[in-house]
Amino acid sequence: MRSMFRMRKVVNLLLKEKKIDENTIIHIEFSRYLNDNNKRKAILNEQKRNEKERNEYRQKIEEMYQEKGIRRNPSDTDILKYQLWEEQDHKCLYTGKEICLTDFLGDNPQYDIEHTLPRSAGGDSTRMNLTLCSSVFNRDQKKTLLPCQLPDHEAILQRISCWKETYEDLNQRIRKLKRPHCSTKEQKDSLIQRRHELEIQRDYWRGKYQRFIMEKVPEGFSRRQGTDISVISRYARLYLKSVFPRVYTVKGIATSDFRKIWGIQEEYEKKQRDNHAHHCIDAITIACIGPNEYGQLAKYYHELEEYEFGRGKRPQFPAPWPTFVQDIKHIQDDLLVTHYTPDNMPKADKRRIMTPQGKIMAQGDSARGSLHCISHYGAIEREGQIKYVTRAELSGFKEKYIVNIVDDEVRSKVEQAVKEYGTLAKAVAADGIWMNKEKGIRIKKVRYFNSVQKGVLDICTNRDRSRHEYKQKVHVLNDKNYMIAIYEGTDEKGRIKREYEEVNNMAAAAYYRASNKTFAAEYDLIPKCSREHGYPLCYRLKTGTMVFLYEKTPEEVWELDRQELLKRLYKITILSLSDGRITLMYHQEARNSSDVPQKDGAFHINEDFRPKIRVSLNQFKALVEGVDFKLNELGEIKRLR
C-alpha cells in the first residue's frame, strides 16, 4: 500500500506539472517469472496434488482423534505439522529422536514448527523453510542460529541425505525430458508440463536441503521481495488504467535482455545494485521496450544463433537513440534520489477489538518503533564504579570476551577448558565445561562485563528491591534516537557555539502516546532554547532527513551546478546517543550500511568522495531538508531561505 500511495503522489505531481497527460503511454515491468501456459498448468497440477495430500492427512488426523473419543477438526497448522512429519521420516532432524503423532498434535505438543533460516536473518515462512522440531531444543539451543552453526551439523546432514538423493534423482528425470520428441503438439505440451512439475518438486527439495548447508544467508535469498513486486505490479496496472488508456506490461526477463542487447550491461555481467541509479536505468529501458521491439526480438535471437553457428554476420539491434548507451551510463551524474522515511511515532496505533456490539477499531496507546534493545543488563559496583553486566549462553559465547567474565572461578574454568581443547566451541561440544563434574554442576551461562556504559535506560523498578539503589531498576540499552535538536548561538567573543538535545524513542513515545492530550507540536518535545546558554533552536534532525554538506558557508552550496550539488546530498541514517555523532549516507548509495566504508571527520571541498560519513555535532555543517530547502517527488530542489 505504501508503494501504491507513493506512485500516486508521483503521478499526480507529473500531471499537475503537465509533464504527462491522459494520452501518455505507460509501461510497467512485471516479474520476470511470469509463466507461460504450460508452466501455469504444471503449477495447477502441483497445487491439486498438494491439496489431495492435505486431504489425506486431514482424514488420518481425524481418525486418530476419533480413536481417542475426541471430536475435533484438524487446523491448517495440524496438517502442516503432519506434512513436515512425513517429510522428516517421523524423526526430529536436530536431535534424531523418533516423533509420535501425539508428540506434535493435541493440546500440549512437545514438537512445534521451526524456521530453518531464522526470520531475523531473512528466512521466510514457506514450507521449504520449515521443519518439525523439539520445542525445548528450538527454544534453548537452536534459537536464531543457522543449522551449520550447531555443534552436531554433520549428524543433521546425514538425516536429510535422502532429500539430496531425491532432488538429484529428479534432476536426472528432468534431463531426459529436456528434448521431447513428439509427433503432436498435445504430446509435446504434456511432456513440457510434466517437466515443469518435476522442476517444481526438484526446486522444493533442493531449496529445503540448501538451507541446512548455508553458512550465511546470501543477499536477496528471501522470496518475499519478489512476491511483493509481482503483487504491486498487478495493482499498479489496474490503478493506472483508470486514468491512462494505454498501459502496457513488460516482462522482467525482457528488461534484462534489452539491457544486454543495447550494451548497457555485458552478456554475463552481474547487474550492479550498489547505486540506486540502477532503478532509473531499468525504468528508461522499460520505457523504450514497445511492441516493435518485442517483434524484432525473436528475429534478433534467430540471427544471433546463426552467427554463433558460423553462419552470417553478428546481428545489430538499433538503440532507441544514437547516444543511448553513453547517456544511460552517465545518468547517475544528474540523478537525485529522494528517500521517503515516514515518521510513525506521532501516529496512534489502531486495532480491532471485540465488543458486545461487534468488532470496532480502537485507538491504542502503544508506540510505533523500537523503544529499547531486548537484552536486560545487571548493575554491579566494582572499585567504586557502577558497571553493567549481561548473561550469555556459553555455547554462543565469543572467546574474546572470556577476560570479561565477572566470576573469577568461572573465568578460570573456561580458560582452562579452552587451553585444553584449543577453542571454546570444541570445549563446549566435546564434554561441556564443568564447575563441579562430580556433583553434576555444568557451566551453561556466564555473566560478563559489557562495554556499554552510555545510553543505558532504566525502564521500570524490580519487583524484589535490593538494598543497593543501583540494583533496583531494570536496565536496558537505548535502541534508537528519535531526534537530535541543534541549538546555535555566539559566545562573548562572537564565536559560533552549539549545544544539542537528544530525544530517544522511549521519551518520544511517552510524549506522543494517545493518553497524553497536552502535546501540540514538536517544540513541546524539545525546549525552544538550549538549557545551558539559551541558544535558539537551529535544526531538528531525524533519521531519513536529507542534507547538503558544506565546508565554510551555506552559500557555497547554491553556487554549485547541479552535478556538483548532487555530490553534496546525503541522508541521515544514524543519530547516535552514546557518542553524539551523526552518520550520513550518500543519496544514491544502495548497499547495506555494513558494506559501505565509513570515514569520520568534517566535510572538505577537495576531499576524496566518501559514500558514508560520520561527524560530530560540532563538525556537522549542512543545509537541512524542510528548513533550508525542499525536495519533491520529481527530484526538484526548492530553496527555502
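Here is a yes/no grid of residues against (1) closer than 25 Å to residue 472 by Cβ; (2) assigned to a loop (DSSP other than H, G, I, E, B); (3) more than 25 Å from the chain's Cα centre (by Cα):
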{"site": "340", "(1), (2), (3)": "no, yes, no"}
{"site": "343", "(1), (2), (3)": "no, yes, no"}
{"site": "353", "(1), (2), (3)": "no, no, yes"}
{"site": "375", "(1), (2), (3)": "yes, no, no"}
{"site": "388", "(1), (2), (3)": "yes, no, yes"}
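So, of the residues in region 550-573 that are out of contact with any helix residue (DSSP H, G or I) (no Cβ under 8 Å at 6 or more places or on another chain) and within 17 Å of residue 612 (Cβ to Cβ), which turns out to be most open to solvent (accessible area, probe 1.4 Å)? Within region 550-573, the match that is most open to solvent (accessible area, probe 1.4 Å) is 567. Among residues of region 431-458 that are under 15 Å from residue 393 (Cβ atoms), those with a beta-carbon under 9 Å from a residue that is assigned to a loop (DSSP other than H, G, I, E, B) and among the aromatic types (Phe, Trp, Tyr) at least six positions away or on a different chain give the pairs 445/397; 446/397; 448/397.
Residues in region 34-55 include none that are assigned to a loop (DSSP other than H, G, I, E, B) and more than 32 Å from the chain's Cα centre (by Cα).
The set of residues in region 551-578 being outside any helix (DSSP H, G or I) and either over 18 Å from residue 621 (Cα atoms) or aromatic (Phe, Trp, Tyr) (or both) consists of 561, 570, 577, 578.
Condition (residue is under 30 Å from residue 503 (Cα atoms), in contact with a strand residue (DSSP E or B) (Cβ under 8 Å, 6 or more places away or on another chain) and not in a strand (DSSP E or B)) applied to region 399-422: is it met by at least one residue? Scanning region 399-422 turns up no residue that is under 30 Å from residue 503 (Cα atoms), in contact with a strand residue (DSSP E or B) (Cβ under 8 Å, 6 or more places away or on another chain) and not in a strand (DSSP E or B).
Within region 439-449, does at least one residue satisfy the condition of being out of contact with any Pro (no Cβ under 8 Å at 6 or more places or on another chain), assigned to a loop (DSSP other than H, G, I, E, B) and hydrophobic (A, V, I, L, M, F, W, C)? Checked against the condition, which is being out of contact with any Pro (no Cβ under 8 Å at 6 or more places or on another chain), assigned to a loop (DSSP other than H, G, I, E, B) and hydrophobic (A, V, I, L, M, F, W, C), region 439-449 yields at least one hit. Tell me yes or no: at least one residue of region 420-429 is more than 33 Å from the chain's Cα centre (by Cα) and open to solvent by 90 Å² or more (accessible area, probe 1.4 Å). Yes. Just one of the listed residues (640, 634) is surrounded by fewer than 19 Cβ atoms within 10 Å (Cβ to Cβ), farther than 23 Å from residue 332 by Cβ and of a type in the set (A, V, I, L, M, F, W, C), and it is 640.
So that you can scan it fast, the table gives a plain yes or no per residue for (1) modelled with pLDDT of 90 or more; (2) open to solvent by less than 50 Å² (accessible area, probe 1.4 Å); (3) farther than 27 Å from residue 429 by Cβ:
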position	(1), (2), (3)
102	no, no, yes
108	no, no, yes
119	no, no, no
131	yes, yes, no
138	no, yes, no
162	yes, no, no
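Figure legend. Inter-residue proximity from region 301-320: first residues farther than 23 Å from residue 284 by Cα and in a helix (DSSP H, G or I), second residues modelled with pLDDT of 75 or more and of a type in the set (Lys, Arg), beta-carbon distance below 7 Å, spacing 6+ or different chains. Indicated pairs: 307/313; 307/314. Filter region 325-338 for residues that are touching a residue at least 24 places away in the same chain (Cβ under 8 Å) and part of a helix (DSSP H, G or I); which is most open to solvent (accessible area, probe 1.4 Å)? Taking the candidates together, the pick is 329.
Checking 248, 235 one by one, the residue that is at pLDDT below 95, closer than 20 Å to residue 4 by Cα and over 26 Å from the mean Cα position of the chain (by Cα) is 248 and no other. Whenever a residue of region 10-22 is in contact (Cβ under 8 Å) with a residue 12 or more places away in the chain, its partners that are part of a helix (DSSP H, G or I), lying with C-beta atoms within less than 8 angstrom and at least six residues away or across chains, give the pairs 11/240. One residue is enough: does region 363-384 have a residue meeting the conditions open to solvent by 70 Å² or more (accessible area, probe 1.4 Å), under 30 Å from residue 511 (Cα atoms) and either acidic (Asp, Glu) or in contact with a Ser or Thr (Cβ under 6 Å, 6 or more places away or on another chain) (or both)? Among the residues of region 363-384, not one is open to solvent by 70 Å² or more (accessible area, probe 1.4 Å), under 30 Å from residue 511 (Cα atoms) and either acidic (Asp, Glu) or in contact with a Ser or Thr (Cβ under 6 Å, 6 or more places away or on another chain) (or both), which makes the answer no. Return yes when residue 93 is crowded, with 18+ Cβ neighbours inside 10 Å and closer than 22 Å to residue 207 by Cβ and no when it is not. Spelling it out, residue 93 is indeed crowded, with 18+ Cβ neighbours inside 10 Å and closer than 22 Å to residue 207 by Cβ.
Among the residues of region 159-182, is there at least one that is more than 22 Å from residue 202 (Cα to Cα) and in a helix (DSSP H, G or I)? No, region 159-182 contains no residue that is more than 22 Å from residue 202 (Cα to Cα) and in a helix (DSSP H, G or I). Under the condition of being in contact with a Leu (Cβ under 8 Å, 6 or more places away or on another chain) and closer than 24 Å to residue 52 by Cβ, the residues counted in region 83-101 number 4. Scanning region 587-620 for residues that are open to solvent by 20 Å² or more (accessible area, probe 1.4 Å), more than 21 Å from residue 272 (Cα to Cα) and hydrophobic (A, V, I, L, M, F, W, C) gives 602, 603, 605. Whether a residue is within 19 Å of residue 213 (Cβ to Cβ) and basic (Lys, Arg) was assessed, and residue 176 does not pass this test. If you check 49, 54 for being touching a helix residue (DSSP H, G or I) at 6+ places or on another chain (Cβ under 7 Å) and more than 30 Å from residue 255 (Cβ to Cβ), only one passes: 54. With the condition kept exactly as written, say whether any residue in region 5-26 is acidic (Asp, Glu) and open to solvent by less than 50 Å² (accessible area, probe 1.4 Å). No, that holds for no residue.
Here region 253-300 is the region considered, the condition is being of a type in the set (A, V, I, L, M) and at pLDDT below 85, and the residue that is least open to solvent (accessible area, probe 1.4 Å) is 254. Taking the criterion of being surrounded by fewer than 16 Cβ atoms within 10 Å (Cβ to Cβ) and either touching a residue at least 60 places away in the same chain (Cβ under 8 Å) or closer than 27 Å to residue 414 by Cα (or both), the residues of region 460-473 that qualify are 468, 470.
Yes or no, residue by residue, for (1) without any contact (Cβ under 8 Å) to a residue 24 or more places away in the chain; (2) of a type in the set (Phe, Trp, Tyr); (3) part of a helix (DSSP H, G or I):
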| position | (1), (2), (3) |
| --- | --- |
| 61 | no, no, yes |
| 64 | no, no, yes |
| 70 | yes, no, no |
| 77 | no, no, yes |
| 81 | no, no, yes |
| 89 | no, no, no |
| 94 | no, yes, no |
| 113 | no, no, no |
| 117 | no, no, no |
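Restricted to region 438-459, and to residues that are loosely packed, with under 11 Cβ neighbours inside 10 Å and not β-branched (Val, Ile, Thr), which residue is modelled with the lowest pLDDT? Result: 451.
The values are calculated or read from the model by the stated rules, or taken from the named source; none is laboratory data. None of the values given here were measured: they were computed from a predicted structure. FYI the Cβ positions are ideal-geometry reconstructions off the backbone, even for glycines, and counts take in every protein chain you see. Surface accessibility is based on the protein's heavy atoms, side chains included, excluding ligands, DNA and RNA. Shrake-Rupley method; radii C 1.70, N 1.55, O 1.52, S 1.80 Å.
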